[in-house]
Every structure is written in structure tokens, then in C-alpha cells.
1. From the set of residues in the range 191-206 that are more than 18 Å from Pro120 (Cα to Cα) and modelled with pLDDT of 70 or more, which is farthest from the chain's Cα centre (by Cα)?
2. Could you tell me how many of the residues in the range 49-74 are modelled with pLDDT under 85 and under 21 Å from the mean Cα position of the chain (by Cα)?
3. I'd like to check something: does the range 8-23 contain any residue that is within 17 Å of the chain's Cα centre (by Cα), assigned to a strand (DSSP E or B) and either among the hydrophobic types (A, V, I, L, M, F, W, C) or over 23 Å from Met115 (Cα atoms) (or both)?
4. Mind listing just one residue for me: the one in the range 29-61 that is charged (D, E, K, R) and part of a strand (DSSP E or B) and, of those, surrounded by the most Cβ atoms within 10 Å (Cβ to Cβ)?
5. Given Asp153, Asp149, which one is at pLDDT below 85, within 30 Å of Glu45 (Cβ to Cβ), under 20 Å from the mean Cα position of the chain (by Cα) and surrounded by fewer than 15 Cβ atoms within 10 Å (Cβ to Cβ)?
6. Of all the residues that make up the range 68-118, how many are of a type in the set (Phe, Trp, Tyr) and out of contact with any strand residue (DSSP E or B) (no Cβ under 7 Å at 6 or more places or on another chain)?
7. Based on this model, can you work out whether Val135 counts as within 23 Å of His198 (Cβ to Cβ), modelled with pLDDT under 55 and either over 22 Å from the mean Cα position of the chain (by Cα) or surrounded by fewer than 16 Cβ atoms within 10 Å (Cβ to Cβ) (or both)?
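The values are calculated or read from the model by the stated rules, or taken from the named source; none is laboratory data. Quantities reported herein were computed from a predicted structural model and do not represent experimental measurements. Cβ placement follows ideal geometry from the backbone for every residue including glycine, while neighbour counts extend to all protein chains displayed.
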Amino acid sequence: MNIGVEKIDMHEGVMIKVLLDSGATEMFMDRQTAARHGFKLQKLERPLVIKNVDGTNNSGGAITHQVECNVFYKGHMERMRIDICDLGKTEVILGMPWLVVHNPEINWETGEVKMTRCPPLCGGGSQKKEKVKRVATEEEEKIVCWTIDDKEDWGREKEIEEDHRKIEEMVPRRFLKWKKVFGKVESERMPKRKIWDHAIDLKKTFKPQKGRIYPLSKNKREEVQNFVED
């Protein structure tokens, strides 16, 4: 299966051969493929340990970088973040999280893949053909968010559990469905990326300008400090 992959920073597209693998737990791009096509690597906050199918550690070590790109396939388009590791002769692997989200129609005899059952959160032409507009279910939205961004919380499960326990003790029960708003762990990272997010590319001639800092009186500074502490 060949897909078009667009480099977001340069708006250049390349054709890449993809392997659909229900045994893979994420989306992966081969390190040499990323270098050969000039993809811009983004460093992860924490390395992710990756193991091969036989349980051995990947020859390239832990995953330390990923790429963000636009993926195109027969009218289907989505923004995707793909982890970088050593895949040998394979260029890109789309694993089980991607398959669960999109649930593609696969003809195993001909190898044809059709993107006809994507959630409405995806961009592409196949959804427009439906006579009845379908709204994404809560479960589909959770899957998409987990696929894109939940790896940031790997290794912090106990910390998050303890944080939520404290919230349940302090916050009135009627507000607990929004407990993530009160969470300490959630407040320490950027909002989750969504498939509809788009980069705002600045011109090379752009120069940041310093904005004016408005001074506060002593009384106002004390009020602000008291508000922050509360």
C-alpha cells in the first residue's frame, strides 16, 4: 500500500510504502526513510522503549523522536505523528490503533484498501458520499485522542491515579466528570493534539517583535500574587 506523505514544514510530498500491521502497537517510520526524505524530527520529552515481535529490544534503541506529517490516500487525508525507529526494509508501519480508528475495508485477494468507514473526525472525500451525516461517538473521539497523544502519560499511571484520588476527595461529586480540569498531571502538559489541528507556517522573513510590558502598581501586584497562590 503506497501513501502520500507531506512534510509540514516544507509542504513537499513523497510516496512511501506502508505496511498495515495489527500486531504493532503504534505508528512507526524507519529512521533511514525519515533521513532520506528529509523529514523534520521532533524530540520526545521522554524516550519510549520499543520491542520487536520476538520480544527483543529494537536495534535502534529507545524511540527519542517522531515526525508530524499529513498523510494522503485515495481522497483520505489526516494529520499524523509517527514514531521513528529502525524498521529494516519496511518504510512505515501503521499499527492497531490506526486500524481501530479507521476500520478500513481490505480485500485480501487483491490487496485493495478502501477508507470508507473512517470517523467524521477524519478529513477526506469518502465521508462526503454518505447520505446521512454521522456524528463521531464518544468512544471514537477517545480512540483518536489516545492514538495521537496519550503516550505522553506513559509511565505516570500511578501518579495520575493518586492525583485523581485527591481530586475526588476535594471536588464536589457533581463536578467530577470534569476532574481532568483540576488534575495536576494534566496541567503540566500542552493540550492534546487533534486531527484537525493545522500548523501556522511563518515566512522566513518574519522577525519576532517585543511587545510592551505594562507595569502594575504595588497593590495590583499583591492582588495578582494572592490570586495565583489561591
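1. Only one residue tops the list, namely Thr205.
2. Selection size over the range 49-74: 3.
3. no
4. The extreme case among them is Asp30.
5. Answer to the check: Asp153.
6. Summing the residues that are of a type in the set (Phe, Trp, Tyr) and out of contact with any strand residue (DSSP E or B) (no Cβ under 7 Å at 6 or more places or on another chain) in the range 68-118 gives 1.
7. Against the criterion (within 23 Å of His198 (Cβ to Cβ), modelled with pLDDT under 55 and either over 22 Å from the mean Cα position of the chain (by Cα) or surrounded by fewer than 16 Cβ atoms within 10 Å (Cβ to Cβ) (or both)), Val135 qualifies.
Conditions (1) part of a strand (DSSP E or B); (2) among the β-branched types (Val, Ile, Thr); (3) buried (at least 17 other Cβ atoms within 10 Å of the Cβ), marked per residue:
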{"position": "Asn70", "(1), (2), (3)": "yes, no, yes"}
{"position": "Arg79", "(1), (2), (3)": "yes, no, yes"}
{"position": "Ile82", "(1), (2), (3)": "yes, yes, yes"}
{"position": "Lys89", "(1), (2), (3)": "no, no, no"}
{"position": "Pro97", "(1), (2), (3)": "no, no, yes"}
{"position": "Val101", "(1), (2), (3)": "no, yes, yes"}
{"position": "Ile106", "(1), (2), (3)": "yes, yes, no"}
